[in-house]
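Colleague: One structure follows; several queries about it will come next.
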Amino acid sequence: MDESLTLTTDMILVFGLVGFTMAMFMTERLRPDLTALMVLITLGLLGLVPADRLFAGFAGNAVISVMATMILGAGLERTGALNRLAVWLLRRSKGLEERLILFASAIGGMMSSSMQNPAVMTLFLPVTSRLSNRTGLSLSRLLLPIGAAVVMGGGLTMVGNSPLILLNDLLLHANDNLPSGAATLAPFAMFAPMPVGLALLGASLLYFRFFGARMLEGAGEKSATPGRTDSYFAQTYGITGEVFELTVTSESPLVGMSIGEAEAQHGAPLFLALKSGQVARLAPPADEMLWVGSVIGVMGTRREIGDYAQNNLLRQSSRLRNFGDLFNPSRAGVSEAVIPPNSAFIGKTIAELHMRRSEGISVLAVNRDNEVFREDVRQLEIKAGDLLVFHSIWTDLAQAASKRDFVVVTDYPKEEQRPHKLWVAIGIFAAAVGLALSAQVAVPIALMTGAATMLIAGVLNMDEAYHAVNWKTVFIMACLIPLGWAMDSTGAAAWLAQEILTRLPQGLPVWAFEAAIAVLSTVFALVITNVGATVVMVPIAINFALAVGGNPATFALVVALSAANNFLSASNPVLAMISAPGGYSSRDFLRIGGPLMLVYLGVTLLVVNLLW
């Protein structure tokens, strides 16, 4: 590395964009995808990235690979593979907690080798709920070990997580800016990181096997097994009582009111159904009007309903003459769903979503960071990780869940959609991974071939494939890739590496510099997500390695692996998805995830230095 590098205007502009990205991701003043788009456009306007390359990230190998793995995972989900997995886990573990956690975590970790971590966790949430339901184990005992294994298992292959998928593209671009005489950086083979991934997955399994019982004591104290009994919803949300029918009389003050206005009254029960004329339905829209003779299906204690009926001159009946079929537990009931980081619901209020009208779903409560909201819940703005309590017909819930704006964590009655395609999906999935492994075909081509074959074979249709892709993740990745190019091409990465080296003690071994890069990458990932950290840190790591006599490709691999080392914050989408169902607090993540991050860091550096 040339030590005579001086700070230029272009470097300053690039550092400014990195600082802006970090500030916006930390404060959430702007949506992350909007921030990424602003950075992309600014790179073009300032001429930091040539116009003919500015949007090349959208067609990059990394983006195509991410999309393909999402579609392949959706194909497995549609065939009910995970439901069969739950049955197999129960049978093999014989209901023993240690075995169940070990087997479920190991399988989750292995699956994350060829699917995106959030996609694996999305599939495992209902599986874990079913296991919890049938064994009586609290979700807090199951979700964190499985989630940790899913994150660790992402290091098994070059398509296991977003940082590793990005790495080869960044290495190829770095070749354009290597100093004279430096060896060209070759992309990593599909299973190059497998030794590190196996060591990480093994460390995760051992961590929770020998320390898990003690570490998980007290974690998720407010969690319980969703869907097991009515007492769960009573304990967690205060949703108690029975279902009654109330008929609006001519003297009732509710005549001429809307459902929304009636619900807003002090002491109003949960409004679950309405019959007007001969039409009865669950989840009546808030603007549906109440008239003489309207029958309302409400839920509450007998005393609360009695007082409400008397105060509002309603005729009460404890027999379900009008709603008996609608409230049949095999047809409808209460469920919980978690909001994933890519949900279109985020930033909207429940009232704005019109879920009663469009989906036939009533939102009864919201659990956010173990705080339960029931009053005026329709005005609450939804955030990633929120746990929503629904009342709906099961078929309506399944149809709404297919849009992937929420993940149902309650085990509810539903039919597997295409079980007859199970072995077709598994065969296509295995063939796609095998083709990628063969090195005869580029990885994105192999994976996208598998995705296309699933569509041709009828495992998925095109609309389902579109829904399977987390477009927010794809967009952020495609927009931030040019920022990494700018870090490299303007010399900003080389200058920063030079400045850091001049301030470090002389004579440090190469592994110490790798450790510094690993720690810095981990810190960046906590702030600007694993994708942002990889884009920013890989060019710096390569220049760092050239300066200290290390292997640039190895330093870059350390960055990609370390960027996934996040067991503390909700910037890790896996943690965001399990925090509410498991009832975990930030203190739980700090107490359990903090030591796990040190284990991750130590194992990564040890195995990388032994092998490379």
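Colleague: Filter segment 394-421 down to residues that are within 20 Å of Ala465 (Cβ to Cβ) and at pLDDT below 85, then give me how many there are. Before the answer, list the steps.
Modeller: Filtering segment 394-421 for residues within 20 Å of Ala465 (Cβ to Cβ) gives 398-407, 416-421.
Remaining after also requiring at pLDDT below 85: 402-404, 416-420.
Qualifying residue count for the region: 8.
Colleague: Could you grab the pairs with beta carbons closer than 7 Å, sequence gap of 6+ or different chains, first residue in segment 428-447 and modelled with pLDDT of 80 or more, second one outside any helix (DSSP H, G or I) and not aliphatic (A, V, I, L, M)?
Modeller: Note: pairs meeting the criteria are Val433/Ser114.
Colleague: Shifting gears a bit: Exactly one condition in (1) closer than 24 Å to Ile165 by Cβ; (2) in contact with a Gly (Cβ under 9 Å, 6 or more places away or on another chain); (3) not assigned by TED's automatic domain parsing to the domain that holds Val535 is not met by Pro419; state its number.
Modeller: All conditions are met except number (1).
Colleague: Residues that are surrounded by fewer than 18 Cβ atoms within 10 Å (Cβ to Cβ) and polar (S, T, N, Q): does segment 488-502 have at least one? Please lay out each step first, then the result.
Modeller: Restricting attention to segment 488-502, the residues satisfying the condition of being surrounded by fewer than 18 Cβ atoms within 10 Å (Cβ to Cβ) are 499-502.
Keeping just the survivors that are polar (S, T, N, Q) gives 502.
Yes, some residue in segment 488-502 is surrounded by fewer than 18 Cβ atoms within 10 Å (Cβ to Cβ) and polar (S, T, N, Q).
Colleague: Another one. With the condition kept exactly as written, say whether any residue in segment 122-143 is in contact with a Lys or Arg (Cβ under 7 Å, 6 or more places away or on another chain) and farther than 21 Å from Tyr600 by Cβ.
Modeller: Yes, because at least one residue in segment 122-143 is in contact with a Lys or Arg (Cβ under 7 Å, 6 or more places away or on another chain) and farther than 21 Å from Tyr600 by Cβ.
Colleague: Restricting the search to segment 152-170, which residues are touching a residue at least 60 places away in the same chain (Cβ under 8 Å) and out of contact with any helix residue (DSSP H, G or I) (no Cβ under 6 Å at 6 or more places or on another chain)?
Modeller: Once the filter is applied, which keeps residues that are touching a residue at least 60 places away in the same chain (Cβ under 8 Å) and out of contact with any helix residue (DSSP H, G or I) (no Cβ under 6 Å at 6 or more places or on another chain), segment 152-170 yields only Asn168.
Colleague: Are there any helices (runs of 4 or more DSSP H) wholly within segment 6-67 with 3 or more residues that are among the β-branched types (Val, Ile, Thr), and if so which?
Modeller: Correct list: 9-27, 32-45.
Colleague: Sticking with this one: Scan Ala570, Ala580 and give me the residue that is touching a strand residue (DSSP E or B) at 6+ places or on another chain (Cβ under 8 Å), modelled with pLDDT under 85 and assigned by TED's automatic domain parsing to the domain that holds Pro509.
Modeller: Ala580
Okay, residues lined up against (1) assigned to a loop (DSSP other than H, G, I, E, B); (2) under 20 Å from Gly385 (Cα atoms); (3) among the β-branched types (Val, Ile, Thr):
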position	(1), (2), (3)
Ser335	no, yes, no
Phe345	yes, yes, no
Glu352	no, yes, no
Arg357	no, no, no
Ser362	no, yes, no
Val366	no, yes, yes
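Colleague: Kindly check whether there is at least one residue in segment 201-209 that is of a type in the set (Phe, Trp, Tyr), out of contact with any Pro (no Cβ under 7 Å at 6 or more places or on another chain) and farther than 30 Å from Leu435 by Cβ.
Modeller: Checked segment 201-209: at least one residue is of a type in the set (Phe, Trp, Tyr), out of contact with any Pro (no Cβ under 7 Å at 6 or more places or on another chain) and farther than 30 Å from Leu435 by Cβ.
Colleague: Residue check: is Ala400 outside any strand (DSSP E or B), among the small types (Gly, Ala, Ser) and surrounded by fewer than 23 Cβ atoms within 10 Å (Cβ to Cβ)? Working first, answer last.
Modeller: Details: outside any strand (DSSP E or B): yes; among the small types (Gly, Ala, Ser): yes; surrounded by fewer than 23 Cβ atoms within 10 Å (Cβ to Cβ): yes.
Yes.
The values are calculated or read from the model by the stated rules, or taken from the named source; none is laboratory data. None of the values given here were measured: they were computed from a predicted structure. As a convention, Cβ positions derive from the backbone with ideal geometry for all residues, glycine included, and neighbour counts pool all protein chains shown.
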